[in-house]
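The values are calculated or read from the model by the stated rules, or taken from the named source; none is laboratory data. Bear in mind the structure is a predicted one, so any value in this text is a computation, not a measurement. Neighbour counts run over all protein chains shown; Cβ positions are idealised from the backbone, glycine included. Areas reflect the complete protein model, heavy atoms only, side chains present, ligands, DNA and RNA absent. Shrake-Rupley method; radii C 1.70, N 1.55, O 1.52, S 1.80 Å.
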Amino acid sequence: MLVSLHPVELLCLLLAGIVLDRLLGEPRRFHPLVGFGHLAGLIERTTNRAPQHRFSRLTGTLAWALAVLPLSAAALWFTLAESGKPLAWAIHVLALYAALGATSLKQHIAPIATALEHQQLDEARALTARIVSRDTSNLDQTGIARAAVESALENGNDAVFGTLFWFILLGAPGAVLFRLVNTLDAMWGYRNPRF
């Protein structure tokens with residue numbers, strides 16, 4: 001492991017981050033990933049002024065590095081500089097909490113299931129539209145359920161399983177790097193004239 005943690009220490013930090021996510025859920029204000037999304041949008045608007053120019057891949061790579069590397073390096077530096085100290089443990093736990101989205105995912109999916117159980121298709125369509133990028137206005141009950149399950153599986157990988165995997169492998173820097181890259185993929189990972 002890049003950030004050396006004893007297995008018991010790692011397990012305690014992992015559980016603490018999961019418990020924080022369960023107890024606090026997604027921050028309503030000042031969510032770190034929302035802030036990162038605003039920063040990424042600013043970087044993209046600044047660097048992607050002419051997406052058809054011949055250096056667009058280089059510009060994209062530089063924009064990616066500008067968005068991801070400083071925050072990931074900061075997580076790495078703080079955890080290494082304070083290794084074995086309470087501040088490092090707090091950084092690991094808070095980084096994992098900020099990167100995890102298990103409770104948020106449940107809060108978005110459960111109301112869809114409830115609406116479907118009560119045959120409230122318009123409500124279920126509206127709730128599903130919040131978590132998928134496809135048009136939900138004509139989906140039937142099966143289509144709504146399928147879209148919600150697909151979103152839960154994809155976001156479960158991104159916000160839960162992938163985050164936990166990289167945290168176990170690399171601690172806070174791994175979880176931060178994974179979630180930032182994942183967030184950029186959701187924002188910039190499209191094959192269209194702009195990207």
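General remarks:
- Residues 22, 125, 28, 194, sorted by accessible area with the largest first, give 28, 22, 194, 125 [1.4 Å probe; ligands and nucleic acids excluded].
- Efficiency of FRET between residue 62 and residue 31 - r from beta-carbon atoms, R0 25 angstrom, step 0.05: 0.45
- With the convex hull constructed from alpha-carbon coordinates only, segment 118-195 shows a mean projected area of 6.7 nm² over all directions.
- In terms of overall dimensions, segment 1-139 has a Cα radius of gyration and Dmax of 19.9, 55 angstrom.
- Using the 1.4 Å probe convention, the accessible area of the chain works out to 61 Å² per residue with neighbouring protein chains retained.
- Shape descriptor for segment 60-154: Rg over Rh equals 1.21 (Cα atoms; Rh from the Kirkwood inverse mean 1/r).
- Here r is the Cβ-Cβ distance between residue 77 and residue 114 and R0 is 41 Å; the resulting FRET efficiency, rounded to 0.05, is 0.40.
- Largest-first ordering by accessible area, 1.4 Å probe, given options 181, 8: 8, 181
- Residue 46 accessible area, 1.4 Å probe, all protein chains in place, Å² to nearest 10: 70
- Inter-part distance where segment 18-41 and segment 129-180 are each reduced to a Cα centre, Å: 15
- Helix-only CD estimate at 222 nm, as mean residue ellipticity for the chain, using -39500 (n - 2.57) per DSSP H run (n ≥ 4): -24500 deg cm²/dmol
- Apportionment of accessible area to carbon and sulfur, the chain, percent (1.4 Å): 64
- Here the contact order of the chain, divided by its residue count and restricted to Cα pairs under 8 Å and six or more residues apart, works out to 32 percent.
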